[in-house]
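The values are calculated or read from the model by the stated rules, or taken from the named source; none is laboratory data. Predicted model, so just to flag it, every value in this text is computed and none were measured. In this analysis, Cβ positions are derived from the backbone assuming ideal geometry, glycine residues included, and neighbour counts consider all displayed protein chains.
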Amino acid sequence: MEMKTEQAVAWIEKANALIQSNKEYLTELDQAIGDGDHGLNMSRGFQEAEAKVSGTDYDTVADVFKDVATVLMSKIGGASGPLYGTAFLKMSMTVKDKDPVTEANLADAVEAALNGMKQRGKAEQGEKTMIDVWHPVADFLKNGQNVQADKLEETAERAMNETKDIVATKGRAAYLQERSKGHVDPGSTSSFYLFQALADVWKKGE
Amino acid sequence: MKKVINQADNVVREMLEGFEEAHADYVRSLEGTTVLLRKDAPVTGKVSLISGGGSGHEPAHAGYVGEGMLDAAVAGEMFTSPTPDQVFEAIKAANGGEGVFLVIKNYTGDVMNFEMARELAEAEGISVEQVVVNDDVAVEDSSFTNGRRGIAGTVFVHKAAGAKAAEGASLEDVKKVAEKVVANTRSMGVALTPCIVPGSGKPSFTLEEDEMEVGIGIHGEPGIERKKITSADDIAEELLQKVLQDSVDFQGSEVAVMVNGLGATPASELYIVNRYVQKRLRDNDIQVTHTYVGEYMTSLEMAGFSITLMKVDEELKQLLDARADTPAFRK
């Protein structure tokens with residue numbers, strides 16, 4: 001698919017809808033292995049992000065992503081704010097001057113976001129963080145020609161579920177060590193919703 | 001919870017308003033933010049220093065805004081890092097054209113939020129450098145950090161790097177001094193009672209009437225050991241031993257000492273601790289050149305204290321002696 005500003009805005013709207021309807025679940029996940037504020041923080045952040053992008057006229061996808069980055073980094077708070085903020089800021093920088101944004105551009109953008117988040121959080125794959133979803137999704141997008149939306153969603157979902165068996169070594173859950181096993185990572189779950197939303201927008205554009 | 005507040009949600013804002021009114025000679029607020037700037041900011045011809053972090057550590061950090069120390073302080077919610085947009089606003093407003101230096105305490109949220117603000121500022125062409133302070137020898141990792149925590153030693157960074165900047169040193173040289181302070185400063189604290197964050201209303205941990213937490217963090221994070229309280233001399237000795245046995249070789253050198261109250265410890269008790277610290281260092285052939293006793297980096301209403309030692313050379317001694325004029329630190 002090709003992404004124009006309408007699709008970029010629709011992506012954020014859909015992501016917000018998914019996060020709002022799963023707010024309690026995100027909180028439950030975070031109460032098990034974190035500090036219990038992920039649902040509330042994500043809900044506040046994406047609510048504000050949607051309000052911002054839905055009420056603004058944009059010329060480029062890069063501008064949409066930049067506004068999302070600004071809102072998320074200032075409204076989510078904690079560690080997730082800078083991480084999601086970084087992701088959208090890197091995506092914005094990558095798709096600057098790209099109109100429309102092609103699949104290849106988007107693959108580059110997600111890869112740049114992943115690298116930015118790894119650097120920001122000083123985390124690698126396999127540490128039970130949102131990186132564990134972003135990494136396989138970035139690989140999937142990069143290797144695919146004419147990527148199918150269903151496969152994108154499946155990839156993200158599988159990656160999210162696999163965080164259940166990981167012992168955390170980064171983030172708050174790291175202090176639980178072995179006890180972090182058996183719980184799905186909350187950050188990976190919110191990242192899954194983001195890609196589920198992208199897949200949804202993608203399907204409509206196919 | 002018994003506190004002198006109106007509403008928990010308004011604590012930080014109302015505190016900042018009152019602070020600004022009290023210290024209008026020194027600071028002014030930056031409209032629409034939680035930033036307090038030097039009254040005369042942006043000061044041209046020098047590197048600008050900015051620090052900040054969660055609130056609840058007063059007088060840190062706004063108390064150190066003024067001549068010879070910080071150009072701006074960014075306040076987050078209680079024990080919560082300020083967000084990048086707030087730090088970014090502080091950087092833009094404080095920048096006098098010679099670059100901006102960020103003093104960050106080593107907590108995961110603080111480091112991420114400040115680094116992100118730094119990148120936003122760099123994208124606008126502002127030169128930014130930073131130091132991450134990690135002086136607490138108690139634990140390698142705590143529930144808030146990766147690596148050691150930044151505590152009262154941060155004030156030595158404000159003082160030395162601030163004085164260096166006031167001399168007109170380059171951003172690179174200010175950074176070198178800040179790194180020198182961090183490399184030569186070690187701290188450790190103890191708590192007798194917990195603190196209560198207004199928003200939660202509950203103590204962050206509980207201690208029995210006769211217990212203390214050795215190695216406490218400034219947010220009530222666990223330390224090394226919970227044990228029966230002992231005498232002032234014994235507690236001071238325990239903290240000092242950990243500090244002296246750490247990686248900085250203080251033996252035979254000159255040091256600056258800080259005995260810092262965590263919020264609810266009377267000055268009299270801090271002086272009792274200082275008396276022991278001075279004697280113990282003298283007996284160990286360590287010469288104290290500067291002594292600071294008081295509340296520099298608190299933890300709300302926590303009772304307890306921390307001891308900080310900084311090994312000093314000629315440059316650091318001279319920077320500690322340089323003029324500073326701020327609400328909470330004057331020289």
Enumeration of residues in the stretch B:105-114 that are within 14 Å of another protein chain (Cβ to nearest Cβ) and touching a helix residue (DSSP H, G or I) at 6+ places or on another chain (Cβ under 7 Å): B:Met112, B:Asn113, B:Phe114
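For the structure I just gave you, tell me whether B:Glu269 is surrounded by fewer than 22 Cβ atoms within 10 Å (Cβ to Cβ) and touching a residue at least 40 places away in the same chain (Cβ under 8 Å).
On the way: surrounded by fewer than 22 Cβ atoms within 10 Å (Cβ to Cβ): yes; touching a residue at least 40 places away in the same chain (Cβ under 8 Å): no.
No: the conditions fail for B:Glu269.
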Per-region count, the stretch A:54-74, residues surrounded by fewer than 23 Cβ atoms within 10 Å (Cβ to Cβ) and either farther than 15 Å from A:Trp11 by Cβ or not hydroxyl-bearing (Ser, Thr, Tyr) (or both): 9
Condition broken by A:Lys122, with the remaining ones in (1) away from chain B (no Cβ under 14 Å); (2) surrounded by fewer than 20 Cβ atoms within 10 Å (Cβ to Cβ); (3) not hydroxyl-bearing (Ser, Thr, Tyr) satisfied: (1)
The stretch B:214-244: number of residues that are free of Cβ contacts under 8 Å to residues at least 40 places away in the same chain and either part of a strand (DSSP E or B) or among the aliphatic types (A, V, I, L, M) (or both): 5
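Considering only the stretch A:75-83, I want to know if a residue exists there that is more than 10 Å from chain B (Cβ to nearest Cβ) and either crowded, with 24+ Cβ neighbours inside 10 Å or of a type outside the set (Ser, Thr, Tyr) (or both). Walk me through how you get there before you give the answer.
First pass over the stretch A:75-83, keeping only residues more than 10 Å from chain B (Cβ to nearest Cβ): none.
Among the residues of the stretch A:75-83, not one is more than 10 Å from chain B (Cβ to nearest Cβ) and either crowded, with 24+ Cβ neighbours inside 10 Å or of a type outside the set (Ser, Thr, Tyr) (or both), which makes the answer no.
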Which listed residue, of B:Gly252, B:Gly220, is at positive phi, surrounded by 22 or more Cβ atoms within 10 Å (Cβ to Cβ) and in contact with an Asp or Glu (Cβ under 9 Å, 6 or more places away or on another chain): B:Gly220
Among the candidates A:Gly77, A:Gly81, residue that is closer than 21 Å to A:Asn41 by Cα and in contact with a Pro (Cβ under 8 Å, 6 or more places away or on another chain): A:Gly81
Count of residues meeting criterion [assigned by TED's automatic domain parsing to the domain that holds B:Ser48, out of contact with any Asp or Glu (no Cβ under 8 Å at 6 or more places or on another chain) and free of Cβ contacts under 8 Å to residues at least 60 places away in the same chain] in the stretch B:161-213: 3
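Identify the residue in the stretch A:84-106 that is surrounded by fewer than 22 Cβ atoms within 10 Å (Cβ to Cβ) and of a type in the set (S, T, N, Q) and, among all such residues, is nearest to the other protein chains (Cβ to nearest Cβ).
Going residue by residue through the stretch A:84-106, those that are surrounded by fewer than 22 Cβ atoms within 10 Å (Cβ to Cβ) are A:93-94, A:96-100, A:102-105.
Filter once more, so that each one left must be of a type in the set (S, T, N, Q): A:94, A:102, A:105.
Numbers: A:Thr94: 14, A:Thr102: 25, A:Asn105: 20 Å.
Among residues in the stretch A:84-106 that are surrounded by fewer than 22 Cβ atoms within 10 Å (Cβ to Cβ) and of a type in the set (S, T, N, Q), the one nearest to the other protein chains (Cβ to nearest Cβ) is A:Thr94.
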Within the stretch A:125-142, considering residues that are among the hydrophobic types (A, V, I, L, M, F, W, C) and part of a helix (DSSP H, G or I), the one surrounded by the fewest Cβ atoms within 10 Å (Cβ to Cβ): A:Phe140
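Which residues, counting only those in the stretch A:153-206, are part of a helix (DSSP H, G or I), among the hydroxyl-bearing types (Ser, Thr, Tyr) and within 14 Å of chain B (Cβ to nearest Cβ)?
A:Tyr175, A:Ser180
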Residues (more than 11 Å from chain B (Cβ to nearest Cβ) and either outside any helix (DSSP H, G or I) or basic (Lys, Arg) (or both)) located in the stretch A:27-74: A:Gly36, A:Arg44, A:Lys52, A:Gly55, A:Thr56, A:Asp57, A:Tyr58, A:Asp59, A:Thr60
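Let's see how each residue does on (1) without any contact (Cβ under 8 Å) to a residue 12 or more places away in the chain; (2) closer than 30 Å to B:Lys202 by Cβ; (3) within 14 Å of chain A (Cβ to nearest Cβ); (4) small (Gly, Ala, Ser):
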site	(1), (2), (3), (4)
B:Thr44	no, no, no, no
B:Gly52	no, yes, no, yes
B:His57	no, yes, no, no
B:Ala60	no, yes, no, yes
B:Val65	no, no, no, no
B:Asp71	no, no, no, no
B:Val74	no, yes, yes, no
B:Phe79	no, yes, yes, no
B:Pro82	no, yes, yes, no
Identity of the residue in the stretch B:271-314, of a type in the set (Val, Ile, Thr) and part of a helix (DSSP H, G or I), that ends up farthest from B:Glu254 (Cα to Cα): B:Ile272
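Kindly check whether there is at least one residue in the stretch B:120-130 that is more than 23 Å from B:Ala8 (Cα to Cα), within 12 Å of chain A (Cβ to nearest Cβ) and either in a helix (DSSP H, G or I) or not aromatic (Phe, Trp, Tyr) (or both).
Going through the stretch B:120-130, the residues more than 23 Å from B:Ala8 (Cα to Cα) turn out to be B:120-130.
Narrowing further to those that are within 12 Å of chain A (Cβ to nearest Cβ): B:120, B:123.
Add one more test, that the residue is either in a helix (DSSP H, G or I) or not aromatic (Phe, Trp, Tyr) (or both), and what stays is B:120, B:123.
So far as the stretch B:120-130 goes, yes, one or more of its residues are more than 23 Å from B:Ala8 (Cα to Cα), within 12 Å of chain A (Cβ to nearest Cβ) and either in a helix (DSSP H, G or I) or not aromatic (Phe, Trp, Tyr) (or both).
Taking the condition more than 14 Å from every other protein chain (Cβ to nearest Cβ), closer than 29 Å to B:Leu309 by Cβ and either surrounded by fewer than 24 Cβ atoms within 10 Å (Cβ to Cβ) or not small (Gly, Ala, Ser) (or both), does B:Val133 pass?
Details: more than 14 Å from every other protein chain (Cβ to nearest Cβ): yes; closer than 29 Å to B:Leu309 by Cβ: yes; either surrounded by fewer than 24 Cβ atoms within 10 Å (Cβ to Cβ) or not small (Gly, Ala, Ser) (or both): yes.
So B:Val133 fits the description; yes.
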Number of the exception - B:Leu102 against (1) within 14 Å of chain A (Cβ to nearest Cβ); (2) assigned to a strand (DSSP E or B); (3) surrounded by 24 or more Cβ atoms within 10 Å (Cβ to Cβ): (1)
The stretch B:34-71, subset assigned to a loop (DSSP other than H, G, I, E, B) and among the acidic types (Asp, Glu), residue surrounded by the fewest Cβ atoms within 10 Å (Cβ to Cβ): B:Asp40
Tabulated pairs, the stretch A:47-67, first at pLDDT 95 or above, second outside any helix (DSSP H, G or I) and surrounded by 22 or more Cβ atoms within 10 Å (Cβ to Cβ), C-beta under 6 angstrom, 6+ apart or interchain: A:Val61/A:Met3; A:Val61/A:Val95; A:Val61/A:Val101; A:Ala62/A:Val95
